[in-house]
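Scroll down for the structure; my scribbles are underneath it.
Computed from the coordinates by the stated procedures, all read-outs in this text should not be read as laboratory data. Fair warning: this is a prediction, and the values are worked out from it, not measured in the lab. We place every Cβ from the backbone using ideal geometry, glycine too, and count neighbours over all the protein chains shown.
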Amino acid sequence: MTRSEFVEDTAGSVAGIAFVGCGLLTATTGYAQAPAYAQAPAVAPARRRAVVVNGQRAKTVDVHAHCSVPEAMALLGLKVATPTLLMAQPADRLRAMDEQGIDVEALSINPYWYKAERDVAKELIRIQNEKLAEVCAANPERFVAFASVALQHPDLAAEQLEEGVKKYGLRGAGVGGSVNGLELADPKFHPFWAKAEQLGVLVFIHPQATGAPTELGSRLKGNGGLDNVIGNPLETTIALSHLIFEGTLDQFPGLKICAAHGGGYLPSYAGRSDAGCVTFPDRCTKPLRKKPTEYLRQLYFDSLVFTPEALRHLVAETGSSQIVMGTDYPFPWTKTSVDHILSTPGLTDAERAAMLGGTAAKLLGIKE
Ligand SMILES: [Zn+2]
C-alpha cells in the first residue's frame, strides 16, 4: 500500500484515541514528516475528517449531491419524499460530510419540471435558484450549487443559466439525461449548449429513471429496482453517445460536461463505439472530428463506480484529469467515496488529490 491510501482524521476527532491511531498510521506508512493535522491546534469541529494525501491536506469536493426546494415543488403540487433532501437545517448533511471527509458539496436538483409550461417553469426555476443561492450563502465554505434550468424551453434555459451564474453565483447547471423523450443532442437544445459553452461553466448530467410507458421502461420493472440500477446508467450512456455521434461535442468543443455514475456504461465498453463505424461505415453518415472514444477525454465523470477496479478502468479510458468525486448524497449508495479514490491502484498522489477535489474546485470556481 502506498502512503496516500490512508486518510487521517483531524486531531479534533475523539482527541487522544484518534491521535494515537493516526500516529501509528504515520509510522506504518512512512510519512517523511508529520502530516499537517498533527501540528494544528485541536480546534477543528469534532469528528470532521480532514483528508490528507502524502502529508498535504487535500480539499475534497462532491459534485454529485442532491437536494430539494419544497417552495418550488409546491408550484407543481409536489412534496419532498425524502426529508434528507431538505436544506433548511443542514446539520445532518454537514455531519455526514464531516464524517466522510467531504469539504464541499456541489448541490443539484434532479429535474421534475420538464413538463411545466413556460410561465410556471420560469417562476419555479427562479424560486429554486434563489433558494439554492441562499443555502450556499449560509454555508459558503461547504456548499456551492448547480443552477436548475427549464431545458424544455431551451432559450429560457439559456437565460436561466446566465442569471443563475451571474446573479445568484451558481457554478453551472444540472440537467437530466433526456428531456421529455428528446435527446440532449437534439438541435432544439443548441441554444442552451451555446450558452453553457460561452459561460464556461460545468453542466452536470444526471439521468432520470426510465419511465414505464416506454418499452424499455416496462422491461425495467420488477424486483431489484432495475429502472434505477441499470436504467439510470443506461440513460447516461445513451445521452453521452448521442452528444458524441450527433456532433454536439464537435459543434460546442468548449463544453464542460460531467456525467453522473461514472458516465454509465459508456466508458466500460468504449471500444465498441469506435468499432461501430469501422464495421458498418454506412451507418456513420455524420463525420466526427475524432474517434468516438477520444471524446471521453474531454468529458468529466463522477467517481461513483463502487470498486477500485471499476475506477481504475474509468481512469484508463478517460484520464485521471477527467474524474471528480461523487457520492449521490443523501441516497446511501456509498459512504466511502474518499477511501475509494485513495484505494484505487495505480494513481499518483497528485492524481488522487485532483480526483478528490482539485479538478472539481477548478471547474466550479471553489477556492483551493
Ligand atoms: Zn444521483
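List of remarks:
- A simple packing score, the average count of other Cβ atoms within 10 Å per residue, orders the peptides 51-62, 117-128 as 51-62, 117-128, with the highest score first.
- Straight-line cross-link reach from K79 at under 18 Å between alpha-carbon atoms covers these lysines, not counting any fewer than eight positions away in the same chain: K115, K131.
- Folded to 0 to 90 degrees: helix 118-138 orientation relative to the chain principal axis, Cα: 10 degrees
- Scalar couplings 3J(HN,Hα) for region 272-285, obtained by applying the Karplus form with A = 6.51, B = -1.76, C = 1.60 to θ = phi - 60°, are 5, 5, 6, 5, x, 6, 7, 6, 10, x, 5, 8, 10, 8 Hz; x denotes Gly and Pro.
- A crude spin-label estimate for the pair T348 and R272, with each label 7 Å from Cα along the Cβ direction, gives 3.4 nm.
- Separation of alpha-carbon centers, region 149-189 and region 245-263, rounded to whole Å: 14 Å
- Built amide H within the under 5 Å cut-off of R57, gap 5+: A36
- Distances between placed amide hydrogens fall under 5 Å for Y329 paired with H66, all partners being 5 or more residues away or on another chain.
- Cα lying deepest toward the dipole's positive end in the chain, options G247, M355, Y168, charges on Cβ: M355
- Along region 230-247 the Karplus relation, 6.51 cos²θ - 1.76 cosθ + 1.60 evaluated at θ = phi - 60°, assigns HN-Hα couplings of 10, x, 4, x, 5, 4, 4, 4, 5, 4, 5, 4, 5, 4, 6, 6, 7, x Hz to successive residues, with x for each Gly and Pro.
- FRET efficiency, K291 to R47 (Cβ-Cβ, R0 35 Å, nearest 0.05): 0.15
- For the pair E309 and K122, a Förster radius of 51 Å applied to the C-beta separation gives a FRET efficiency near 0.65, rounded to the nearest 0.05.
- Where only DSSP H runs of four or more residues are counted, the chain gives -11000 deg cm²/dmol as its mean residue ellipticity at 222 nm, each run worth -39500 (n - 2.57).
- Built amide H within the under 5 Å cut-off of L107, gap 5+: V144, A145, F146
- Derived scalar couplings between HN and Hα for region 347-356 equal 9, 7, 4, 5, 5, 4, 5, 5, 6, 5 Hz in order, rounded to whole Hz, by the Karplus curve 6.51 cos²θ - 1.76 cosθ + 1.60 (θ = phi - 60°), x for Gly and Pro.
- Which of C284, G77, A137, positive extreme of dipole for the chain (C-beta unit charges): A137
- Only one residue of T344, S268, L156 has its Cα farthest out toward the positive end of the dipole of the chain, where Lys and Arg carry +1 and Asp and Glu -1 on Cβ, and that residue is T344.
- Once the C-beta distance of K79 and N139 is scaled by a Förster radius of 30 Å, the resulting FRET efficiency is 0.75 to the nearest 0.05.
- Each eigenvalue of the Cα gyration tensor of the chain, multiplied by 5 and square-rooted, gives one semi-axis; in descending order these are 35, 26, 18 Å.
- Distance (nanometres) between label positions extended 7 Å along Cα→Cβ at N180 and E130: 2.5 nm
- Evaluated with a Cβ-only charge set (Lys, Arg +1; Asp, Glu -1), the chain carries a dipole of roughly 220 debye about its Cα centre, given to the nearest 20.
- Sorting the segments 352-363, 75-86 by their residues' average number of neighbouring beta-carbon atoms within 10 angstrom, most packed first, yields 352-363, 75-86.
- Above-threshold pairs, the threshold being 24 Å between Cα atoms, out of K221/K256; K167/K367; K59/K256: K221/K256
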